[in-house]
Amino acid sequence: MGVGVFNPRPTGFCAPRPSADEGDDAIAAIETKARDDLAIRDRRVADRVQKFPESVIREMTRIAALHGAVNLAQGYPDFEPPPEVTEAAKRALDGGYNQYSITWGARELRDAIARRAKAFNGIDADPEANLVVTCGSTEAMMAAMLSLINEGDEAVIFEPFYENYGPDAIVSGARPRYVRMAWPDWGIDEEQLKAAFTDRTKVVILNTPNNPTGKIFTRDELRVVADLCADHDVVAVTDEIYEHIVFEGAKHVSLATVGDMAERTITINGLSKTYSATGWRVGWAIAPRTLASAMRRTHDFLTVGAPHPLQIATVAALNLPESYYRELARAYQQKRDAFVRGLQAAGLDCRLPAGAYYVMADFSAFPFPDDWAFAMYLVERLRVAVVPGSSFYGNPKDGQRFVRFMFSKKDETLREAVSRVQGLRDVR
Ligand code: GLN
């Protein structure tokens, strides 16, 4: 059958990546100019906002609602947080926690984060010196970038990358240098990684377990990153929000525990994914003293603080027993296995992710011109929402044969989605 393009639209949110031979000047030129296809035609709007659209991930949630689709786009569960955690929140609302906390986080939460960071990650954090509690890890990431980047500094970003890092770089003034994680195993070419570090590199952004690929960085890979950071005096900003969603007994390694990286790593985490409470907006950063001081200033004037009662309830989350984390990983592994099998049965090319709750699928066996056409077909005709792959790449073209599915959903929701996706069999 013929497949039309239902809703063609601009893809990707970052400026296109220059080809290798265009060199540094090309990066500079591209990074400073707004894209016509993203323009808000009102000269009162600041230039920086002309360079990125609203989140494609969150836009797909709105499109899903419009079509009554199963939403496998934006990564959040359709099940509730553990009852111990929601009960703690109710108690906190009645317990005198309704005014501001200390801007960088309630002391009892900082104590609990420090305990957990020591026990699980092996990171030493002084609650008075090294911790900043933020409105989700999203704010922590933006606050870190605003606290580190001077206009024109370079940021090394592994690609495909979680969409937010693009606007984080644009708003903070960083020029991204992408290092490819290659389909289908998401391996990294060490030479390409080395070449991405220059004397202008200020930060490397690393997300492990990785969204959207599921890649878990090994200790050896982290050691290579650590050596490059030391050689080039670079700060690593690591997003470890999926640290407990790892499969087949894989071990999460925090970059801050490799060599002397604690001195130059900002480790970002939060409540959202581990405790299935993405709407609470409680996140945090663990950073060396001076960088934590800088982040506290930025954070203070961005948001003042995360919701105080929910910070207090987060203490209860962090005190859950080890069995909670084992069960979380087990349950997600089971979802992953059944879900990925279902996608493969529909004819999609995808592999079992090693961690996190996303899977990238190559749909190039089907006759669609690009990822948006395929995603719109899925949402409008089969009523399953996904994220077009281009939104995870600096150059949208590089992601055009992929879409991202996520599987943080009840088993019955995933079963329904898999059965709808089988409709693809009629397309070939
Ligand atoms: N991290 C999730 C995703 O990638 C949700 C992002 C968000 O909306 N903050 O889908």
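Read-outs: derived from the displayed coordinates by stated rules, not from any lab. These numbers were taken from a predicted model, which means no experiment stands behind them. Here the Cβ positions follow ideal geometry from the backbone for every residue, glycine too, while neighbour counts run over all protein chains shown.
Numbers below:
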| item | result |
| --- | --- |
| Additional length obtainable on full extension of the chain from D362 to D185, 0.36 nm per residue less Cα span | 62.4 nm |
| Per-peptide average of other Cβ atoms within 10 Å, ordering 345-356, 376-387 highest first | 376-387, 345-356 |
| Tensor-based shape of the stretch 333-428 (alpha-carbon gyration tensor, a/c under 1.5 rounded, otherwise prolate or oblate) | oblate |
| Dipole of the chain [Lys/Arg +1, Asp/Glu -1 at C-beta], most positive-end residue of F366, A64, A256 | A64 |
| Cα centroid separation - the stretch 63-82 against the stretch 373-428, whole Å | 13 Å |
| Gain on full stretching of the segment that runs from E322 to L38 - 0.36 nm per residue minus C-alpha separation | 97.6 nm |
| Sorted peptide list for 82-93, 182-193, 234-245, criterion being average Cβ within 10 angstrom, highest first | 234-245, 82-93, 182-193 |
| Volume per residue of the C-alpha convex hull in the chain, rounded to whole Å³ | 143 Å³ |
| Test item: Cα-centred dipole of the stretch 170-233, Lys/Arg +1 and Asp/Glu -1 on Cβ, debye | 320 debye |
| Relative contact order of the chain, defined on C-alpha pairs under 8 angstrom at six or more residues apart (%) | 25 percent |
| Residues with amide H under 5 Å from that of R177, placed H, sequence gap 5 or more | A155, V156, I157 |
| In the chain, lysine pairs closer than 16 Å at Cα, eight or more apart or cross-chain | 9 |
| Full-extension gain in nm, R330 to R428, via 0.36 nm per residue minus C-alpha separation | 31.8 nm |
| Where labels lie 7 Å past Cα in the beta-carbon direction, separation of F301 and A129 in nm | 2.6 nm |
| Local electrostatic count at E263 - Lys and Arg +1, Asp and Glu -1, tallied over other residues with Cβ under 12 Å | -1 |
| Rounded if a/c under 1.5, otherwise prolate or oblate - the stretch 84-318, Cα gyration tensor axes | prolate |
| Mean Cβ count within 10 Å, highest first, over the residues of peptides 114-127, 404-417 | 404-417, 114-127 |
